[in-house]
Structures are given as structure tokens and as C-alpha cells.
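Chemist: Please read through the structure below; I'll follow up with questions.
Values quoted throughout were computed directly from the atomic coordinates according to the rules given, and no laboratory measurement underlies them. Please read these numbers as outputs of a predicted model, since none were measured by experiment. We place every Cβ from the backbone using ideal geometry, glycine too, and count neighbours over all the protein chains shown.
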Amino acid sequence: MSFTKIEHYEKEYLDAHHDSALNVTEGVDDKPVVNPYFVRRKRRTMTTDEYVEGILNGNITILAQAITLIESNNPTHYAQAQEIIERCLPYSGNSVRIGITGVPGAGKSSFIEAVGNMVTSYNHRLAVLAIDPSSERSGGSILGDKTRMESICHNPDIFVRPSPSAGSLGGVARKTRETIVLCEAAGFDVIFIETVGVGQSETAVHSMVDMFMMLQISGAGDELQGIKRGIMEMADMMVITKADGENITRAELAKAQYQGALQLFPLADSGWRPKVYTCSSHVGTGLEEVWQGVEQYLQHIELNGYFTSNRNRQNKYWMYETINETLKSSFYNDPEIESRLADVEQRVLDAKLSSFIAAKELLDIYFK
């Protein structure tokens, strides 16, 4: 029997038994999920004066909004963001900047949480700039550092700001340098920059901090493996984490091995020979010794003048980095480039044009 005939017989049956309890009554229409009377109010745009005044007064909410403005890719936000940075610049430079890196799972977040509460007990104000890796596929980031460092998020003397790496090389976010300026202007005198832990390419963070601290775990290789890691040449201090319970012996062995490996490196420009410490963020042991090591290093580079010369060298480096970024942004936002880019790209994909000739063609259009 065909499907059409079956439908016909069903209709005849329902017409004949329309009073039957087997009939299905019509349902009601679905209600809208969103309240139809809800009106989203647009947030009032703050002026540059309001941003700067709030930052200088230590208003955490306004500071966070200003950092969001700086991180924005919207071209309309760029001019105001640069003005805010310029006006906050005279109030910056009065903090200690410490970069914290390490392999994934080394306990960077736990270490920062444990040390952060201890640092604020010494009458310091701490800003934690935590960089989360962005997905290569979706482009999104979890930004879960506030969840992982729950105790310091409730500390009024600590400001935690997670930011996506957004494809930036070097383990830091694109606007981390500018964020440091705003945090210093807001009165934070100690700044931790937690990198994504990408390994040997973490050179960008080294160019914006006074001290580079590397966290390591025991059992990650012998001293020869440590020598091969180029990132160790940049470390001013190494900390073996999770040194508690049955892991204490392994941590002490790793400390001796890495200390021996560091002795083989040539002396850095700072004249400081890196030291290795062990600690446990869970138990709280060794943290005071680590911070004393930080103070000893900072005292050393202030006395020999390296602190100032390093800051000057970093300022020069970021001047050129800003030029490169501005030129790149100007190129891709040029109206003629935007109109021609898709066509040139397609010709490259179709093998009708080489990559080098295509690039030269677009650059010639831009510089005319």
C-alpha cells in the first residue's frame, strides 16, 4: 500500500472518530526565550579624562576597562587608547617587573597564588598579567586563571588580568607592554607576567621585565638536557616546584643538576650568576627563600647600574616594535589594499602568481 493511501485512511479514521480520546489536541505556541520587553542599555562611553583619573586613583574597574580598550582591535579605539597610555606614562616605571615561565604543568598559577599573598603581606601591591594561549582553530581562550588563583582574586592588593595571546609569539599578549604602564600608574609596585609556557620562543617577555624566573619540575631531564634548552640562558632564577612529600629528594637532585648546568653558561650582562631554589606552593615551604633571592638579584642590578641600562634598552626595543606594528596595521587597513587583497590571494592559491611577486605587487600599491 502506498504512503498516500495510508494518509487517506488515517484522515478518514480521524474524521469518523473526532470525539475519540486518542485525538491529539493542538499545543500552545512556544513562548520567546528572551523577554520581549527587555531593552539592552548601551554603556556610556567614558572620556579619556575619566579613564586617566580612575587609573591614577587605583580604581580597579576603570583599570580593567582601559586595558580592554587597549587590547581592542577596533580602529576607533586606537587613538583614545594611545592617549591614555601617553598620559599615564609619567606615572609608570616605579615597579618591579618579573616574568614567570615554565613548562605546562610546572605549577605557575599555584606558585603565583602562594607567592602573591606573601608579597602583599610585605606591603606591596601586586598586578598579575596572566597570558592564556589562544586556540589556533577557534581563536578563543579559556581565560581561567582567576578561577585557578581564587584566593588572590579576593585580595584587595592584587589585580589579576587574564589576556589571550591572540597568536602573538613569545608567550605574551600583543598589548602586555602597554598594560604594564597602566598597572604601574594605578599604584602596583610588583608586576608578575605569567607566560603561556611555549618553550624556547619566550623571548618577548624577556624584553619587558627586570627579572626572568623559570619554574621547573623534577624529573624533566638531566643537566645535559638542561644545557640544550636555550630558554635557560635567559633565566635569572630557577625554581623547582612541587618539592613536598616523596618528591623532596627528587627536587633536591634536580636542583643540584640544574645548578651545575647554569654554572656552564657564560656570565650574563647583569653580572649575576643564576641560582636554583626549591619550593612547594601546596605546603608553603621555600617561598620566603625564593622572594629573598628576588630581592638579592634586584639589589645587585641596581647597584651595578644594569637595572637602568636594561630599562633603556627595552624602551628602545619597544619603540621599533611599535613602529613595526603600526606599519603592519596601516597596511592592512588601507582601503585599496583591502579591495585588492582577496583577489591577489586567490591568484596565489590558483598558482597564477608567486607569493613573492604578489607581496611586491601589494606593497607597490601601498607605497604609491
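Chemist: Exposure proxy check: 183, 153, 88 ranked by fewest other beta carbons within 10 Å?
Modeler: Neighbour counts put them in this order, fewest first: 153, 88, 183.
Chemist: Could you list, in their original order, any pairs among 316/368; 175/316; 175/328; 108/328 whose Cα atoms are separated by more than 24 Å?
Modeler: Long pairs (Cα-Cα over 24 Å): 316/368; 108/328.
Chemist: For the residues 250, 44, 161, what sequence is obtained by ranking on other C-beta atoms within 10 Å, fewest first?
Modeler: Values: 250 15, 44 7, 161 23.
Fewest-to-most Cβ neighbours within 10 Å comes out as 44, 250, 161.
Chemist: How far is it, in nm, from the label point at residue 45 to the one at residue 328 when both lie 7 Å from their Cα along the line to the Cβ?
Modeler: Going from the residue 45 label point to the residue 328 one covers 2.7 nm.
Chemist: Next up: With θ taken as phi - 60° and the coefficients 6.51, -1.76 and 1.60, list the Karplus ³J(HN,Hα) couplings across the range 262-273 in order, rounded to whole Hz; mark glycine and proline as x.
Modeler: Ordered by residue, 3J(HN,Hα) equals 5, 5, 7, 6, x, 5, 6, 4, 6, x, 9, 8 Hz.
Chemist: Arrange the following residues from fewest to most other Cβ atoms within 10 Å of their Cβ: 69, 182.
Modeler: Least to most surrounded, the residues fall as 69, 182.
Chemist: So how much slack lies between residue 189 and residue 29, counting 0.36 nm per residue of separation and subtracting their Cα-Cα distance, in nm?
Modeler: Values: separation 160, 0.36 × 160 = 57.60 nm, distance 5.97 nm.
The residue 189-residue 29 span can extend by a further 51.6 nm.
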